[in-house]
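The values are calculated or read from the model by the stated rules, or taken from the named source; none is laboratory data. Model, not experiment: these values are computed from the prediction. No Cβ is skipped: glycine too gets one built from the backbone with ideal geometry, and neighbour counts run over all protein chains shown.
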Amino acid sequence: MRHLWLLALISFGSSRFPGVLTLPEAHPGKPSVATTAAVGGNGGGTGGGGEASTDYSEYDEEETQRTPGNLAKSTAGPKLALPYFDQPEVDVYVGANDSSVKVNCPVKNYNAQHHVILWYKDEKAISNGNTLIGSVYGLDTNFTLTVPVAANATDGQRFSCRVMPPDVRREVTIHLGPEPSTPSPAAATTQPASAADSAPAVQDCGLWLVLLLAALQLAVRF
């Protein structure tokens, strides 16, 4: 009978006060966040006043992956090559029957996104990119300038093709008349050939001179 009353009392108390006479089941190993929080709540209900502990190991790993040291570092873009001309100064000759002359701007390392080409007559701008400032001249898509030549035009007109930035220039001087003649390759090779031909003649003269001196010596002896 005593055992029956004890069992009835335990069952009555469990139904009226749940969680008071029952203990949480112990789990081996490291408790999870939800289990630890539940244990802390039961302890507080029984007057223990304990705080719920939380496992932050997963959060620490995520924060480590987000640190600035793991971010991709920005790299500088490729260095832009500077424009240049193979011939910074050229002379152009205009014949008597020519009414115009074309002067080009053969710039190297030209980049349309970073450079602009301007033509100047002396120090006065006559074009900006593909746009002409005056209607006297002509300009094509390759920045070749067409210069009209009048009968009374002055000799030695100067034009300059400038690439900005960094202000690289090509000076073009227009001359009226034919281009000065230059020695032809045949004429240049003729002189060494004639000098080579004269060498045997000098040797022959020296031989005759030796024979003449020998003959004079024999004549003096006899």
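As a summary of the residue check, A96 satisfies the conditions (1) in contact (Cβ under 8 Å) with a residue 60 or more places away in the chain; (2) hydrophobic (A, V, I, L, M, F, W, C); (3) in contact with a strand residue (DSSP E or B) (Cβ under 6 Å, 6 or more places away or on another chain) except for the one numbered (3). Got at least one residue in region 175-186 being within 30 Å of L82 (Cα to Cα), surrounded by 10 or more Cβ atoms within 10 Å (Cβ to Cβ), modelled with pLDDT of 85 or more and not small (G, A, S)? Within region 175-186, not a single residue is within 30 Å of L82 (Cα to Cα), surrounded by 10 or more Cβ atoms within 10 Å (Cβ to Cβ), modelled with pLDDT of 85 or more and not small (G, A, S). Residues considered: N152, N142, N128. Of these, the only one that is modelled with pLDDT of 90 or more and exposed (fewer than 13 other Cβ atoms within 10 Å of the Cβ) is N142. Of all residues in region 146-157, those that are farther than 13 Å from V101 by Cα have Cβ atoms under 7 Å from Cβ atoms of residues that are outside any loop (DSSP other than H, G, I, E, B), 6 or more apart or on another chain, in D155/H175; D155/L176; G156/T173; G156/H175.
With the requirement that a residue be among the polar types (S, T, N, Q) and in a strand (DSSP E or B), what does region 112-144 give you? If the condition is that a residue be among the polar types (S, T, N, Q) and in a strand (DSSP E or B), then S127, N128, T131 are the ones that fit. I117 meets each of the listed conditions (1) within 23 Å of I174 (Cβ to Cβ); (2) touching a Phe, Trp or Tyr at 6+ places or on another chain (Cβ under 7 Å); (3) surrounded by fewer than 16 Cβ atoms within 10 Å (Cβ to Cβ); (4) of a type outside the set (F, W, Y) apart from (3).
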